[in-house]
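Enquirer: One structure is given below, represented as C-alpha cells, and several questions about it will come after.
The values are calculated or read from the model by the stated rules, or taken from the named source; none is laboratory data. Everything quoted here is computed from the prediction, not taken from an experiment. Ideal geometry is used to build each Cβ from the backbone, glycine not excepted, and the neighbour counts take in all protein chains shown. Heavy atoms of the whole protein, side chains included, go into the accessibility calculation; ligands, DNA and RNA do not. Shrake-Rupley method; radii C 1.70, N 1.55, O 1.52, S 1.80 Å.
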Amino acid sequence: MSDRAPIVAARGVTRVLGGAVPATLVRDVDMEVAAGEFVAVTGPSGSGKSSLLYLLGLLDRPTRGRVLFDGVDTAGLGGDALAALRLARMGFVFQFHFLLPELGVLDNVALPMRRLGRLAAAGAEARALGLLARLGLADHARKSPDQLSGGQRQRVAIARALANDPVLILADEPTGNLDSASARLVFDVFASLAAEEGRAVVVVTHDEELARRATRRLRMVDGAIVPSGAPPAGTGAAGA
Amino acid sequence: MRLALELALAQLLRRRRQGVVSVLGVTLGVGFFIAMAAMMQGFQRDFVARVIDVQPHVVVKDEFRRRPAQAAELAAGPRAAVELRGEKPVDEPRGIRGARAIAAALGDMPGVAVAPNLAGQVFLRYGTREVAATLTGIDPEAERRVGNLERDLVDGSLDALHAVANGLVLGEALARKLGARSGTTLSLAGTQGVVLKAKVVGVFRTGITSLDTSVAYALLAKAQVVLERPNVVNQLRLRLVDPEGARDFALRVEERFGYRSESWQESNANVLGIFVIQRAIMYSTIGAILVVAGFGIFNVVSTVAWEKARDIAILKSIGFRERDILAVFLLQGLLVGVAGMVLGWVLGFLIVAFMGSLRFEIEGFVRLQGFVLHRTPLHYAASGAFALATSALAAWIPARRAARADPVDILRGAT
C-alpha cells in the first residue's frame, strides 16, 4: 500500500440489494487507493467487482460502512454534491464505450468540460484534441463514434474520462469487448496514467494476465476481498 | 443550459418522424385556435357593434317586471305571510304614464339621449300580399339622436315623413317581401280596424335581420292614429355615450320609474347566450386538439428517455445532476412545443387570410358578406401560451422519470 493519503477509501462497506430475496453484493470491504496506484480488482462474474466500483465512484451508496473521498465521508453529501465530485474529480470507463451517438468524437470528449464550465468553448476543444492526440486518435476527432472500431471507441471513452483532469479513474471491464492487442494498449494507457501522472486508477477485470500489470491486485469472491496470498505479486509491486 | 439544449436537439433529431408528428399536432392546435378565435370573435364583435350602432341601448317599456303589491300585502307588511287567491290583473290602457316627464328627466342626464315611440303590430298590404310588421311611431328629430336610422337609409329620407301625408319607412327585406319600393302606396291596417293608405318614402338596411324584415317607421302621430292609441307612448328609446354601461343604467332607470327597462344586452340575451356556448365549444375543441398534441409529445419524450437509458447513466456518471437530465428532456418537449407554436402561428395566419379573401352572402342574426374576422396578437399569445404549457406538462412527466433513474440499475442491466 502507498504511504500517501488515500484518494478513496472503503471502510467496512457492505451493499445489500433489497427485494424479495435480499442479495449481498459487497460484503464488509476495507480498501483504499492512493494517488499513483493502479489497482486491479479481479474475481469471477457476480463476485461484486462492479458493485464495489459503483460504490467507490459514488454512483451508489453503501448499505453499511463508509466511503471516504479525499478523507471526507460521502454519506453526508447530497446527490448534487456527489455529482459535482464525479464531474471534477473522477473519470469513468465502462465495458461498453457509452459514447453519445448524437455527438461527434470531439464533442463527446469535451462534454464533461462543458458541463464543468471551467474552460471556454475554444479551450475545451483544444484540450479535447490534445487528449485524443495522446490516445492516438487525433485523426478521428471529427468523426462520429459509429465510424470507429471498438478499441478506438474505448480510447475515446478514456479521453472523455480524462476530460476534467480527474484524480481518480474507475474502469469497469474496459477491455471486455476488445481484442488482445487493443486490450493491451488500453492497459498501457491506464498504467501510464497512474505511474506517470500520479492518478489513482481502479480497474475491474477478469483478465488475470492484464491484471498482473497493475501495481496492486485485489481479488473478490462472493462480495468480499480475499487475501491473494498464493500468487506472488509479479511486476511493479513497488508502486509509483 | 446551452449544453442541455444542444443535447435535447441532438436527441430529438434522432427521432425525426415522431418529432415531426408531434410538432404537427401542436401546429394544428395552434393554427385552428387562431383561425376559429378570429372567426368567432370577429362575428361576435361585429354583431355587438352593429347592435350597439343600430339598436337603442336601453328601451323603457310600458310593462312591469313585478306585479304591483296588493293592498293586503301592503297592510300586512313585508315580513307577514299573505296568500292571495283569484288575483286578476287590472285591464288598464297600456302606455307609459307621464312619458313626457320621464323622457325629459332622462334627457337631462349627461350622456343620455331619449326618443319617445309608439310601437305596435300592423299589417301591410300591397296587392295580394299581406305582411305583419311592427310599426314604430317616431319623431325624426329625436330619432336622429338615439340611432343611426338616417345613415342606414338606402333610399329616401326621414324628412320625407313630414312631407307626405302618411309616409312610411320600411326595412329592406320587408319591402322586398311586399314587392314595394319608394313611392309605392300600400295600405296600413292596425289591429283595432283602422286602415290608412300610406306611401313608402324610404327604405333602410341595418344588417340586423330581425329589424330589416319586420320594422316600419312612421311619424309618432300617425302611428297613434293607426294603432288607435292617441297621445300614447309605449317606448322610450335611449342612447348612451357608454353602451357597456347599459345594463347598470337600465337597472337604475327601472328602479326609479318602475317601468321595465331593457338594456341591449338583455334584448339580445338569446344571441349573447349562444355566443357563450359557441366560445365554450370552441375552447373545448381546441383544448382537445392540444391535449392530443400533448400525448404526442409525451410519447416522443418517453420513447427517447427509454431509448436513452444508457446515455442517462453515462451522463450521471460524468457528473450531470438530476436537474440537468430533467432539463435535457423537458427541453425536447419545449422544442416540439415552440416549433409547433411557430408553425401554428403561420398556419393560423394563412387560414385567417384565406377566410378573409372569401366573399359570400349569408343571412343569420346579421347579414354578412363573408367572414368577419377579428385579428389580434392576443390570439397568438394565448394559443402560444397554451401550446407551451401543454408541451411542458407532457414532457415533464417522462423527463422527471428519466432524471430520477438510478444509473447503477441501468449499468447493472447493461453490463
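Enquirer: Looking only at the stretch A:95-123, which residues are more than 10 Å from every other protein chain (Cβ to nearest Cβ), surrounded by fewer than 20 Cβ atoms within 10 Å (Cβ to Cβ) and assigned to a helix (DSSP H, G or I)?
Expert: A:Ala122, A:Gly123
Enquirer: OK, next. B:Ile274 fails exactly one of the following numbered conditions: (1) over 36 Å from the mean Cα position of the chain (by Cα); (2) away from chain A (no Cβ under 11 Å). What is the number of that condition?
Expert: Here B:Ile274 clears every test but (1).
Enquirer: List the residue pairs whose Cβ atoms are under 6 Å apart, where the first residue sits in the stretch B:91-116 and is on the phi > 0 side of the Ramachandran plot, the second is assigned to a loop (DSSP other than H, G, I, E, B) and surrounded by 15 or more Cβ atoms within 10 Å (Cβ to Cβ), and the two are 6 or more positions apart or on different chains.
Expert: Here the result reads B:Gly95/B:Asp62; B:Gly95/B:Val232; B:Gly95/B:Asn234, each pair linking the stretch B:91-116 to a residue that is assigned to a loop (DSSP other than H, G, I, E, B) and surrounded by 15 or more Cβ atoms within 10 Å (Cβ to Cβ).
Enquirer: Are any residues in the stretch B:157-208 more than 15 Å from B:Val131 (Cβ to Cβ) and hydroxyl-bearing (Ser, Thr, Tyr), and if so, which ones?
Expert: B:Ser157, B:Ser182, B:Thr185, B:Thr206
Enquirer: Let me ask something else about it. Can you name every residue in the stretch B:254-288 that is surrounded by 19 or more Cβ atoms within 10 Å (Cβ to Cβ) and within 25 Å of B:Ala389 (Cα to Cα)?
Expert: Answer for the stretch B:254-288, where residues must be surrounded by 19 or more Cβ atoms within 10 Å (Cβ to Cβ) and within 25 Å of B:Ala389 (Cα to Cα): just B:Ile286.
Enquirer: Which ones in the stretch B:48-63 are crowded, with 22+ Cβ neighbours inside 10 Å, at pLDDT below 90 and either within 17 Å of B:Phe349 (Cα to Cα) or hydrophobic (A, V, I, L, M, F, W, C) (or both)?
Expert: B:Val51
Enquirer: Looking at (1) away from chain A (no Cβ under 14 Å); (2) touching a helix residue (DSSP H, G or I) at 6+ places or on another chain (Cβ under 6 Å); (3) modelled with pLDDT of 85 or more; (4) surrounded by fewer than 20 Cβ atoms within 10 Å (Cβ to Cβ), which is the one condition that is false for B:Leu5?
Expert: Of everything listed in (1) away from chain A (no Cβ under 14 Å); (2) touching a helix residue (DSSP H, G or I) at 6+ places or on another chain (Cβ under 6 Å); (3) modelled with pLDDT of 85 or more; (4) surrounded by fewer than 20 Cβ atoms within 10 Å (Cβ to Cβ), B:Leu5 misses just condition (1).
Enquirer: Right, something else. Looking at B:Leu236, B:Leu326, B:Leu331, B:Leu251, which is the one that is within 14 Å of chain A (Cβ to nearest Cβ) and either open to solvent by 30 Å² or more (accessible area, probe 1.4 Å) or in contact with a Pro (Cβ under 9 Å, 6 or more places away or on another chain) (or both)?
Expert: The match here is B:Leu326.
Enquirer: Here's a follow-up. Conditions first: (1) within 30 Å of B:Leu118 (Cβ to Cβ); (2) outside any loop (DSSP other than H, G, I, E, B). B:Arg67 passes all but one, so which condition is the exception?
Expert: All conditions are met except number (2).
Enquirer: Then there's this: Considering only the stretch B:307-415, give the helices (runs of 4 or more DSSP H) lying wholly within it that have at least 3 residues that are of a type in the set (S, T, N, Q).
Expert: Qualifying helices (runs of 4 or more DSSP H): B:377-404.
Enquirer: Of (1) within 13 Å of chain B (Cβ to nearest Cβ); (2) within 13 Å of the chain's Cα centre (by Cα), A:Gly78 satisfies all except one. Which?
Expert: (2)
Enquirer: Could you pull out the residue among B:Val48, B:Val30, B:Val26 that is in a helix (DSSP H, G or I), out of contact with any strand residue (DSSP E or B) (no Cβ under 6 Å at 6 or more places or on another chain) and under 30 Å from B:Glu255 (Cβ atoms)?
Expert: Step by step, each of B:Val48, B:Val30, B:Val26 is checked, and only B:Val48 is in a helix (DSSP H, G or I), out of contact with any strand residue (DSSP E or B) (no Cβ under 6 Å at 6 or more places or on another chain) and under 30 Å from B:Glu255 (Cβ atoms).
Enquirer: Quick one: in the stretch B:47-92, of everything that is closer than 30 Å to B:Glu150 by Cα and of a type in the set (A, V, I, L, M), which residue is farthest from the chain's Cα centre (by Cα)?
Expert: By that ranking, first place goes to B:Val60.
Enquirer: Okay, moving on. Which of (1) assigned to a strand (DSSP E or B); (2) more than 14 Å from every other protein chain (Cβ to nearest Cβ) does A:Gly91 not meet, given it meets every other one?
Expert: Unmet condition: (2).
Enquirer: When you scan the stretch B:365-389, how many residues do you find that are under 21 Å from B:Val23 (Cα atoms) and open to solvent by 30 Å² or more (accessible area, probe 1.4 Å)?
Expert: Number satisfying all stated conditions: 7.
Enquirer: Could you please find all residues in the stretch A:126-152 being open to solvent by 50 Å² or more (accessible area, probe 1.4 Å) and touching a helix residue (DSSP H, G or I) at 6+ places or on another chain (Cβ under 6 Å)?
Expert: Hits for the stretch A:126-152 are A:Ala138, A:Lys143.
Enquirer: Do you know which of the residues in the stretch A:42-74 that are part of a strand (DSSP E or B) and open to solvent by less than 10 Å² (accessible area, probe 1.4 Å) is farthest from the other protein chains (Cβ to nearest Cβ)?
Expert: A:Thr42
Enquirer: Tell me which residues, restricted to the stretch B:298-308, are open to solvent by 20 Å² or more (accessible area, probe 1.4 Å), within 22 Å of A:Leu111 (Cβ to Cβ) and away from chain A (no Cβ under 11 Å).
Expert: B:Trp306
Enquirer: Has the stretch B:88-97 got at least one residue that is part of a helix (DSSP H, G or I) and over 19 Å from B:Gly137 (Cα atoms)?
Expert: no
Enquirer: Consider B:Ala81 carefully, then state whether it is small (Gly, Ala, Ser), without any contact (Cβ under 8 Å) to a residue 12 or more places away in the chain and in the same structural domain as B:Glu361 (by TED's automatic domain parsing).
Expert: Considered against the rule, which asks whether it is small (Gly, Ala, Ser), without any contact (Cβ under 8 Å) to a residue 12 or more places away in the chain and in the same structural domain as B:Glu361 (by TED's automatic domain parsing), B:Ala81 comes out as no.
Enquirer: Checking B:Arg321 against (1) out of contact with any Asp or Glu (no Cβ under 6 Å at 6 or more places or on another chain); (2) within 14 Å of another protein chain (Cβ to nearest Cβ), only one condition comes out false. Which one?
Expert: Going through the list (1) out of contact with any Asp or Glu (no Cβ under 6 Å at 6 or more places or on another chain); (2) within 14 Å of another protein chain (Cβ to nearest Cβ), B:Arg321 breaks only (1).
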